[in-house]
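A quick write-up on the structure given underneath.
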Amino acid sequence: MLRLEKRPNPSKTWAYMAPVLAVFATMIGGGIMFAVLGKDPFEAIRTIFYDPLFSEFAWYYRPQLLVKGAPLIMIAIGLSMGFRAGIWNIGAEGQYIIGAICGAGVALAVYPAQSAFIFPTMIFFGALGGFVWAMIPAILKTRFGTNEILVSLMLVYVAEQLLASMSLGLLKNPEGFGFPGSRNLQQYASAHNAELWTGTGIHMGVMFAFIAVIFAYVLLARHQMGFHIRLTGESPKAAKFAGVNPKRLVVYCLGFSGALAGLAGMFEVSGPSGQISIDFNVGYGFTAIIVAFLGRLHPIGILLAGLLMALTYIGGEIAQSSLGLPSAAIQAFQGMLLFFLLALDMLTNFKLKLASAGSHP
Amino acid sequence: MDLSSISPTLLVASLMVAATPILLASIGELVVEKSGVLNLGVEGMMIIGAIAGFAAAVGTGSPIIGFLCAALGGAALSLVFALLTQFFLSNQVATGLALTLFGLGLSALMGQSYIGIKPPASAKLGLPIISDIPILGPVLFSHDITVYVALALVAGVWWFLKYTRGGLILRAVGESHDAAHALGYKVVKVRIMAIMFGGACAGLGGAALSLVRVPQWTEGMTAGAGWIALAIVVFASWKPARVLLGAYLFGGVAVLQLNLQAAGVSIPVEYLSMSPYLITIIVLVVMSAHRNKAALNAPAALGRAFHASR
């Protein structure tokens, strides 16, 4: 019989190995799923993980890696702070939507004025929108002790309805021939989150994602706030004795993640997506949860995990057009990854021991 | 706007149908949480149940087989949760989220060829005479069988938790797994059974949505119903009878806002559609504001992993 034995300290090796093994296990599990769907599993896995990077058209896909990775990384960095401290913001999708609405709202309000101040103002209001939306669960939690998981999630559905209302009403393009959706910000120079260098995929949001990674790294490693976050996660009792204010931590963590999610939404709506529309959000806020865990809640890990997850998005799109793989297959594939990761995580904290039946009465 | 077009009789009658999916899911989750496990994957299990039930019912032409397959589907997915949290000791919050994300993806994958199909109609309670009583008949006695199954399930769970030895063991495990373990109860076994019961109930709830309430299959059709079910368990302070109250309350809100939409009230449709979610938040706030009362009744070992270190 196999038996679990708790390690005195979490294993460093396994902490690094578990995500890598989980990715391989998902390739096998996903391969089986694709085979069941009647696709060649080897071809599907190659299309998802290899083709975006090294195929004939990789020049087109590689920049996409940054475009799709940036929002994931930005949101996941924010979420990881809270997750470390046991504060579960799972409504990043809603904060992302509100950030986009606020950011785009600023631009559409001053249209067609051209000014260098418009884009920075949009950035500010994008972050503010996400921050305010995240403050709702934060204040309800600190004030009334309401469960932040349920409230932040409920607010996703509220935000989705608000988005529908905005794209059909207030922010609808008056010259859009009655179609739902706002003006396209890509055609509005002052508000367009354009590529900084043509062909690289690097826009302002990508820069912000990198800054967020560095900021989070410094915060966790060097700042007292980061210490408080880590302490609360590892030992709430010790944190209490050390004088950590749990309520302030809730506000900081939710506010930080909300602002980052809002920023991600704002950069998306003013750049790659271009307009507020009913189906503007594509689930980055939820996928970022997987990214945060896959990256071990560590900034550098999240950077790598975000890029990997972006790869599955792009590869999934390629597989959709070339192999006819349904888009939902990729969503299931990403969910599977989180399962394998959580299962393999056990090896970080526990040792597997072979126990003979007689040795333990 | 014409509010007189809303008939109170029909409102109450459709309230019971609208509440049934949430009622089924929350009574299952109540049992899971009573055993000390927090499964946030209700939404995922519900939607798997919705598509599994729909596919089976369309394939066989029998709604009964559909419901059975929905329960099996929900239970099968919950088994993954049970395996990860009980044997691999993974974080219950993260695993529940994974279950929801995976369930939403897998259901969309399974449901591709079922979009736009009508399922076979399931049997309605057709009692002679009683179902024809004016007002009471349509309100209480002529619904789909699922409505009554859900009610029976609530009564069954109440009786099980309150009056049986098994219920006592389940509650003991949920209050203090160490004490229950010391008394010789199989903590992990009890919890796995509770998790699977919760999964089966969530699956049934999903099928009630796709086969009775809507009835058709659309991607992501649960639209947060699983999360509302979780909120109802908190609202009910882990008491079966109050789960019933909570589910009917939310069913009422859902039906009322649909009726108001149809009656052409001057509030935009999107804001009416928000109302069930906003009311969930308000109810959660009200419940947690009197936190002593609510917190006293929460299972003490809720969400804590159990590992028997000899």
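All but one of (1) at pLDDT 90 or above; (2) touching a Lys or Arg at 6+ places or on another chain (Cβ under 7 Å); (3) within 14 Å of another protein chain (Cβ to nearest Cβ) hold for A:Ala355, so report the exception by its number. Against the list (1) at pLDDT 90 or above; (2) touching a Lys or Arg at 6+ places or on another chain (Cβ under 7 Å); (3) within 14 Å of another protein chain (Cβ to nearest Cβ), A:Ala355 comes up short only on (1). Restricting to region A:25-42, name every residue that is open to solvent by 40 Å² or more (accessible area, probe 1.4 Å) and part of a helix (DSSP H, G or I). Result: A:Met27, A:Ile28, A:Ile32, A:Ala35, A:Val36, A:Phe42. Quickly run through region B:186-221 and pick out the residues that are open to solvent by 10 Å² or more (accessible area, probe 1.4 Å), under 12 Å from B:Ala50 (Cα atoms) and within 13 Å of the chain's Cα centre (by Cα). B:Ala200, B:Leu204, B:Leu209, listed by residue number.
Quick grid of which residues meet (1) without any contact (Cβ under 8 Å) to a residue 24 or more places away in the chain; (2) of a type in the set (Val, Ile, Thr):
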{"site": "A:Phe42", "(1), (2)": "yes, no"}
{"site": "A:Ile45", "(1), (2)": "yes, yes"}
{"site": "A:Pro52", "(1), (2)": "no, no"}
{"site": "A:Arg62", "(1), (2)": "no, no"}
{"site": "A:Val67", "(1), (2)": "no, yes"}
{"site": "A:Ala70", "(1), (2)": "no, no"}
{"site": "A:Ala76", "(1), (2)": "no, no"}
{"site": "A:Gly103", "(1), (2)": "no, no"}
{"site": "A:Gln114", "(1), (2)": "no, no"}
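Tell me yes or no: at least one residue of region A:319-331 is within 26 Å of A:Met33 (Cβ to Cβ), open to solvent by less than 10 Å² (accessible area, probe 1.4 Å) and at the interface with another protein chain (Cβ under 7 Å from one of its Cβ atoms). Yes, region A:319-331 contains a residue that is within 26 Å of A:Met33 (Cβ to Cβ), open to solvent by less than 10 Å² (accessible area, probe 1.4 Å) and at the interface with another protein chain (Cβ under 7 Å from one of its Cβ atoms). Residues of region A:282-294 that are open to solvent by 20 Å² or more (accessible area, probe 1.4 Å) and in contact (Cβ under 8 Å) with a residue 40 or more places away in the chain: A:Phe286, A:Phe293. Exactly one residue out of A:Leu297, A:Leu307, A:Leu347 is away from every other protein chain (no Cβ under 12 Å), in contact (Cβ under 8 Å) with a residue 24 or more places away in the chain and open to solvent by 10 Å² or more (accessible area, probe 1.4 Å): that is A:Leu307.
Just checking, which of B:Leu15, B:Leu68, B:Leu79, B:Leu89 is outside any helix (DSSP H, G or I) and surrounded by fewer than 24 Cβ atoms within 10 Å (Cβ to Cβ)?
Just one listed residue meets the conditions, B:Leu89.
Here is a yes/no grid of residues against (1) hydrophobic (A, V, I, L, M, F, W, C); (2) in contact with a Lys or Arg (Cβ under 8 Å, 6 or more places away or on another chain):
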position	(1), (2)
A:Phe227	yes, no
A:Ala239	yes, no
A:Val250	yes, yes
A:Phe256	yes, no
A:Glu268	no, no
A:Ser273	no, no
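Cβ separations smaller than 7 Å between residues 6+ apart or across chains give the following pairs from region A:138-157 residues that are more than 7 Å from chain B (Cβ to nearest Cβ) to residues that are crowded, with 24+ Cβ neighbours inside 10 Å and among the aromatic types (Phe, Trp, Tyr): A:Leu155/A:Trp133.
Given the structure, is A:Ile98 under 29 Å from A:Val156 (Cβ atoms) and open to solvent by less than 10 Å² (accessible area, probe 1.4 Å)? No. B:Tyr248 satisfies every condition listed in (1) more than 30 Å from B:Leu83 (Cβ to Cβ); (2) within 12 Å of another protein chain (Cβ to nearest Cβ) except (2). Annotation: of all residues in region A:237-268 being among the β-branched types (Val, Ile, Thr) and touching a residue at least 24 places away in the same chain (Cβ under 8 Å), the one that is surrounded by the fewest Cβ atoms within 10 Å (Cβ to Cβ) is A:Val251.
Of the residues B:Ala308, B:Ala236, the single one that is open to solvent by 20 Å² or more (accessible area, probe 1.4 Å) and either at pLDDT below 85 or more than 8 Å from chain A (Cβ to nearest Cβ) (or both) is B:Ala308. Only a single item in (1) among the β-branched types (Val, Ile, Thr); (2) within 14 Å of chain A (Cβ to nearest Cβ); (3) surrounded by fewer than 24 Cβ atoms within 10 Å (Cβ to Cβ); (4) without any contact (Cβ under 8 Å) to a residue 60 or more places away in the chain is not met by B:Thr95, and it is number (3). Checked across region B:223-230, the condition of being within 14 Å of chain A (Cβ to nearest Cβ) and open to solvent by 60 Å² or more (accessible area, probe 1.4 Å) holds for no residue. Considered as a group, the residues in region A:175-210 that are assigned to a helix (DSSP H, G or I) and aliphatic (A, V, I, L, M) include one that is farthest from the chain's Cα centre (by Cα), and that residue is A:Leu185. I need the full set of residues from region A:163-182 which are away from chain B (no Cβ under 14 Å), open to solvent by 40 Å² or more (accessible area, probe 1.4 Å) and not small (Gly, Ala, Ser), in order please. A:Pro174, A:Glu175, A:Phe177, A:Phe179, listed by residue number. Here A:Gly103, A:Gly94, A:Gly69 are screened, and the one residue that is away from every other protein chain (no Cβ under 14 Å), closer than 30 Å to B:Glu43 by Cα and in a helix (DSSP H, G or I) is A:Gly69. Residues that are open to solvent by less than 10 Å² (accessible area, probe 1.4 Å), within 13 Å of another protein chain (Cβ to nearest Cβ) and of a type outside the set (A, V, I, L, M) are absent from region A:269-281 altogether.
Would you say A:Met336 is in contact with a strand residue (DSSP E or B) (Cβ under 9 Å, 6 or more places away or on another chain) and either at the interface with chain B (Cβ under 9 Å from one of its Cβ atoms) or surrounded by fewer than 24 Cβ atoms within 10 Å (Cβ to Cβ) (or both)?
In short, no.
Screening B:Gly36, B:Gly49 for residues that are away from every other protein chain (no Cβ under 12 Å), open to solvent by less than 10 Å² (accessible area, probe 1.4 Å) and touching a His at 6+ places or on another chain (Cβ under 8 Å) leaves exactly one candidate, B:Gly36. Scanning region A:191-232 for residues that are among the small types (Gly, Ala, Ser) and surrounded by fewer than 18 Cβ atoms within 10 Å (Cβ to Cβ) yields A:Ala194, A:Gly199, A:Ala221, A:Gly226.
Picking from residues in region A:73-90 that are outside any helix (DSSP H, G or I) and surrounded by fewer than 24 Cβ atoms within 10 Å (Cβ to Cβ), the one that is modelled with the highest pLDDT is A:Trp88.
The values are calculated or read from the model by the stated rules, or taken from the named source; none is laboratory data. Being a predicted model, the structure only gives us computed values, none of them experimental. Every residue, glycine as well, gets a Cβ built from its backbone with ideal geometry; the counts of neighbours run over all protein chains shown. When the accessible area is computed, the model is the full protein with side chains, heavy atoms only, and any ligands, DNA or RNA have been set aside. Shrake-Rupley method; radii C 1.70, N 1.55, O 1.52, S 1.80 Å.
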